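In what follows, a single structure is set out as C-alpha cells and then discussed.
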Protein chains: 4
Amino acid sequence: MLTELRREACEANRKLPEHGLVHLNFGNASALDRQRGIFAIKPSGVDYKELRPAAMVLVDLEGRVVEGKLRPSSDTPTHLELYRKLKSLGGIVHTHSLYATAFAQAGRPIPALGTTHADFFFGEIPVTRALRKKEIAGSYEIETGRVICERFARLDPAEVPAVLVRYHAPFAWGPTVGKAVENAVAVELCAQLAYFTLQLKSASSAIDQTLHARHFRRKHGPEAYYGQPR
Amino acid sequence: MLTELRREACEANRKLPEHGLVHLNFGNASALDRQRGIFAIKPSGVDYKELRPAAMVLVDLEGRVVEGKLRPSSDTPTHLELYRKLKSLGGIVHTHSLYATAFAQAGRPIPALGTTHADFFFGEIPVTRALRKKEIAGSYEIETGRVICERFARLDPAEVPAVLVRYHAPFAWGPTVGKAVENAVAVELCAQLAYFTLQLKSASSAIDQTLHARHFRRKHGPEAYYGQPR
Amino acid sequence: MLTELRREACEANRKLPEHGLVHLNFGNASALDRQRGIFAIKPSGVDYKELRPAAMVLVDLEGRVVEGKLRPSSDTPTHLELYRKLKSLGGIVHTHSLYATAFAQAGRPIPALGTTHADFFFGEIPVTRALRKKEIAGSYEIETGRVICERFARLDPAEVPAVLVRYHAPFAWGPTVGKAVENAVAVELCAQLAYFTLQLKSASSAIDQTLHARHFRRKHGPEAYYGQPR
Amino acid sequence: MLTELRREACEANRKLPEHGLVHLNFGNASALDRQRGIFAIKPSGVDYKELRPAAMVLVDLEGRVVEGKLRPSSDTPTHLELYRKLKSLGGIVHTHSLYATAFAQAGRPIPALGTTHADFFFGEIPVTRALRKKEIAGSYEIETGRVICERFARLDPAEVPAVLVRYHAPFAWGPTVGKAVENAVAVELCAQLAYFTLQLKSASSAIDQTLHARHFRRKHGPEAYYGQPR
C-alpha cells in the first residue's frame, strides 16, 4: 500500500545524515498523501542506514497506525497536528541541525540578513513561544504542533516553510517531502550565515525589503524565472 | 580470555576517531566485566586503526594487568578509580573532543539549554574542581578519578553520564562501553550547541525544568516511550 | 562550437561543490573567449554533478544565447556586465561561500590582515553599496554588475580579483576561469582567517603595507619568484 | 642520493593536506640530514598530490641547491636559517592552518590553557615581533627565520617546538620531519581549543603550572611513561 509514498519518505529520512543535518538519532521525515489522508513516517529509534521503504509506518490523519510493524517516531503527533492544521503541507522534516538548534535554544528567530535567506523564506524564520508546564506534562508532542500552528496564525507556511521550536529545534516542510528536505538544508545554511553575520556586526540591519521580495519572487510564484521552464 | 569484552573495547576505541572525537592520540575507551572484576582498555600510544581485540590490555579492579603484552593507557588509573567508586559503570570513554574540552578549559559546566541535552543528561554536565599541586605531583591519574567521584557525591552517574575534568577534557560512561561512546558523542554535540547558543545569547536562560524532565523521561527509565519495545 | 571553452566552464562549475564553496544550487562559473566575444555559462537550476560540457549555454557579449537548449544561469546579466566593463576578465565565479557571504551580509569588506590575503589580493576585498529600490525593481541582475563596476572605478580588478555584493555574496574572477575558481577559494579562506582574527582581536590592525606588497609581488607581476619558471 | 631523506620529506609534505593543514598551496615541509648538512624540501608551486620523492630539492646548509631540477620552496631561506641556528631541529613544517594563522594575524601567542597543550608545548606558543620595513624589503625569507631565532633567544625549541610568525602563519619543527608534522597538527588543535576557550571565558586563566609540567613530563624526557617502552 502506498509504495511510492513509503519510498519518498524513506529516501528523505536517509538524506538527513547525508546532508549533515542529524546527529545520533535526532531527526525524522514524513510524506503525506493528502487525498487518502495517510502519511508515511520514520519508525522510532531505527538507524538511518538500515531504513527501508517497508519499514516506514503508515499513519492516518486521526493518528491511527494503518500499516507497519514498528512504532512510529515519537514525534508523530507533531507531524499529525501540522498536517491537520496547515493544509498546504505535503512533507515535514524535523532535525536538530546545529546552528538552527542554537537559534532555537537562544529563543531567537533566524533574521533575514541576505539574499540566500530571501531565496527560500519570505521574512525571518520564526520561533515559537515556550510550552507551558501544563502543555509539557500533557500531550507534549501534540502541544508542540499546536504552538507551531499558533505561531503561524498570521503567517503563510508556504512562504515561510520552517519554524524553530523554542528550546528544541527546527521543523521544515513543503508541498513534497523532497522539497521539505531542501528547506531543512536551507534553514541550517541560513542559520550559519546569520550566526557569522551577527558575530561580525551585532547591529546588523535586515536585508532591504525590496531586495528580499525580489529574490523570493525570482524563485517562487507566477513571476519566477529561475531554473528551467516546466 | 574475555574475548567478547576485548572485542567491545576494541570496537569502541576504533569508533572514537570515526566520530571525530579524537585528534592525534587523545582518547581511550574501556569495557568492564563487573562480575569477574576485569576491564579491557586501550594500550598506550597505539594507533586506533591498528587496534585489534588481542591488543587490548586486561586489568583487574586492583589495578593489576592480568593479560596483555602492551602497557595499558596512561589514563588507566582514572578508569580504575571510576569503576571502583561508581558501581553502575560498565564502560568509560575519554576524549579531548573540541568543544567539550573548551568548556573544560574555561572551567564552565555545559549548561542544559535545550531538549537535545535533556535527552541524554539530567542537568548540566558538571566540571570538577582543579587538582591541587600535591595531587598533581602525586598519583595524578588516580587523583583525576577522585575529583570526578568527589564531584558526583550528590549526583547520580546514571542520570548524568559525563563530566568535564577542569583544564583537561571530558569523560563519559554508561552501562556498556557502546552506550559510553554514544554519550561521548552527545557530550560533544551538546557542547557545540551550548557554545553557539551562548554566543547568540550571553544571558541564555536554562531550559524549563518540566521540559527537561519530560525529554529525559521520554528516553530513560520506566516511562520511556522512545524507540521500539524490548 | 567552442568545445574547449565549454569544457573549462563545465569543469569550473563542477569544482565549486568539491571545494565546499556552494550549498544547494548557489553558485555558477563562466569562461569567456574574448576574441569571439562569447562566454560559456552554467545552465540555471541544473545539479552540478549532472553538468556536462554540452549543457553549457553560450552567450555573446550582447547577451544573446548563441547556442544551448537550456536557460542560462539567472545571474548571466551580471557576468555579462562584468565582461563588458572589466576588460581583463576571462572567467567569473559566483558562490555563496559561508564566511565571505557573512561579510557581505554584514556589509564589511574582508580586511587584509595577513600574508595569506596578501598573496592573492592587493588591499581589502571591497563590498559594494546596497542596490537602490529602483535598481532592485528594474534589471536587477544587470544592476548587480553595475554596482560592482562602480566599486571598481578606482581599483584594478587584476590586483583585487574579487568583490562582495552587499546583502548578497562574493564574485571572483581571473584571466581564466580556472584562476577565477582559485580566487574564489582564496576569498573564502581569507574570509575565514579574517573572521577568526577579528574575534580574537576586535581592534586588529591591518597587515603592514610593505609586507603586504612584498607578498603580493612575490607571486604576481614581473618580479614574482614563486613557483617554477615558465 | 639521500633516498630515505627525500622519501621522508615527500611523505611529510603529502600528509599536510590530509591533515587539513594546508589550503591551496600554503605549506611546505623539509627534512634535514645534519651529518651531511643537507636538507630535502618541497619544490615551489607543485601540487601536493603530484609530489614524488624524486621531485624533492636537496639544499646544503650554505643554501646551495645540490640536487634537483625544480626550484625549491620560496620559503627555503627560512628553513635554512632555522636549521643553522637551532641545532636540535631535524625537520620543519610550515602551514597556514586556519586557527593558528588567526592567532598569528591577531598578534597573539597561543596560551597554554589545558593539558592537550601541555602534552606538546611547555608554555605558550610564542609569536614573533613584526618584521621591520627594511627587513621586508631585504632578504625577506631569511629575516623571517631571524625573527624566529630572535624570539627563541631564551626558549628551548625542543620544549616549544613551534612559533607563530606575526601577520603570517605557524612554523613547527622536531627532531624528525615526522615529529614536525605531528607538532604542526598539535599547533592547530591547540589553537582551536584556545580560540573556543577564549570565546567562552575572555579572562580565562592559564593552566596551573604544576599540571602543565606534569603533562609535559608524562610524554617527554627521562620520566616519560606514556606509550610503549623503547
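The values are calculated or read from the model by the stated rules, or taken from the named source; none is laboratory data. All of these numbers come straight from a predicted model, not from anything done at the bench. Cβ atoms come from the backbone with ideal geometry, glycine included; neighbour counts cover every protein chain shown. The area values use the complete protein model at the heavy-atom level, side chains included, leaving out ligands, DNA and RNA. Shrake-Rupley method; radii C 1.70, N 1.55, O 1.52, S 1.80 Å.
Any idea what diffusion coefficient chain B gets from Stokes-Einstein, in µm²/s, Kirkwood Rh on alpha carbon pairs, 10 °C, 1.306 mPa s?
Estimated via Stokes-Einstein, D reaches 89 µm²/s.
Compute log10 of I(q)/I(0) for the range C:1-62 with the Debye formula, placing one identical point scatterer on every Cα and leaving out solvent, at q = 0.16, 0.22, 0.24 Å⁻¹, to two decimals.
-0.46, -0.80, -0.92
Placing +1 at every Lys and Arg Cβ and -1 at every Asp and Glu Cβ, with all other atoms neutral, what dipole size does chain B have around its Cα centre, in debye to the nearest 20?
The calculation lands at about 260 debye.
Looking only at other chains, what is the average number of their beta-carbon atoms within 10 angstrom of each beta-carbon in C:93-105?
Taking all residues of C:93-105 together, the mean is 5.
With the cut-off at 17 Å, report for the range A:102-167 the share of all Cα pairs above it, as a whole percent.
Here the long-distance tail beyond 17 Å is 44 percent of all Cα pairs in the range A:102-167.
In nm, one decimal, shortest first: how far is the label point of A:Arg64 (7 Å from Cα along Cα to beta carbon) from the matching points in the other copies?
Copy-to-copy label distances for A:Arg64: 6.6, 6.7, 9.4 nm.
Chains D and B: buried accessible surface, both sides, probe 1.4 Å, rounded to 100 Å²?
Separately minus together, D and B give about 3100 Å² buried.
By Cβ position, which chain D residue lies least far from the axis that rotates chain D onto chain A, and what is the distance to the nearest whole angstrom?
Checking which Cβ lies nearest the axis yields D:Gln199, 5.
Based on Cα coordinates alone, diagonalise the gyration tensor for the range D:136-186, multiply each eigenvalue by 5, take square roots, and list the semi-axes in whole Å, largest first.
Values for the range D:136-186, descending: 21, 13, 9 Å.
Can you name the helices of chain C, as whole DSSP H runs, whose Cα span along the helix axis is 15 Å or more and whose Kyte-Doolittle mean is not below 0.5?
Helices passing the filter in chain C: C:177-200.
Taking the Cβ of A:Leu70 as the centre, find all other residues whose Cβ is under 12 Å away and add up their charges (Lys, Arg: +1; Asp, Glu: -1).
Every neighbour counted, the sum reads +2.
At most 15 other Cβ atoms within 10 Å and a DSSP loop assignment: could you name the GluC sites (Glu not before Pro) in the range B:42-123 that fit?
B:Glu62
Let me know the Rg and Dmax you get for the range A:45-175 when you use only its Cα atoms, in Å.
Gyration radius and largest Cα-Cα distance of the range A:45-175: 15.3, 46 Å.
Please report Rg (one decimal) and Dmax (integer) in Å for the Cα set of the range D:55-127.
According to the Cα coordinates of the range D:55-127, Rg and Dmax are 15.7, 46 Å.
For chain B, with all protein chains present and a 1.4 Å probe, just round the carbon and sulfur fraction of the accessible area to a whole percent.
51
Return the residues of the range B:174-199 for which accessible area with all protein chains present is lower than in the chain on its own by 40 Å² or more; set the probe to 1.4 Å and exclude ligands, DNA and RNA.
Hits at the 40 Å² cut-off: B:Leu189, B:Leu193, B:Tyr195, B:Phe196, B:Thr197, B:Gln199.
What net charge is computed for the residues neighbouring A:Ala55, neighbours being all others with C-beta under 15 Å from the C-beta of A:Ala55, Lys and Arg scored +1, Asp and Glu -1?
Overall, the nearby charge balance is +3.
Show log10 I(q)/I(0) for the range B:100-230 at q = 0.13, 0.20, 0.21 Å⁻¹, two decimals, from a solvent-free Debye sum over equal Cα scatterers.
-0.56, -1.19, -1.27
DSSP beta bridges in chain D, what fraction antiparallel, as a percent rounded to 5?
Restricted to chain D, the bridges split so that about 95 percent are antiparallel.
Counting only DSSP beta bridges with both residues in the protein assembly as shown, tell me the antiparallel percent, nearest 5.
Here the antiparallel bridges make up roughly 95 percent for the protein assembly as shown.
If you count, for every residue in B:165-171, the Cβ atoms of partner chains within 10 Å of its Cβ, what is the mean?
Across B:165-171, the average partner-chain Cβ count within 10 Å equals 5.
Calculate, axis by axis, the spread of Cα positions in the range C:10-119 along the three principal axes, and write the results as whole Å, longest axis first.
The Cα atoms of the range C:10-119 stretch 44, 31, 23 Å along their principal axes.
Given a 1.4 Å probe, how much area per residue of the protein assembly as shown is accessible, in Å²?
Computed with neighbouring chains in place, this is 39 Å² per residue.
Partner chain Cβ atoms within 10 Å, averaged over the residues of A:109-116 - can you pull that number for me?
5
Calculate the tail of P(r) for the range D:45-88: the fraction of all Cα-Cα distances greater than 12 Å, expressed in %.
63
By what distance, in whole Å, do the Cα atoms of the protein assembly as shown stretch along each of the three principal axes, largest value first?
Principal-axis extents of the Cα atoms in the protein assembly as shown, largest first: 82, 82, 44 Å.
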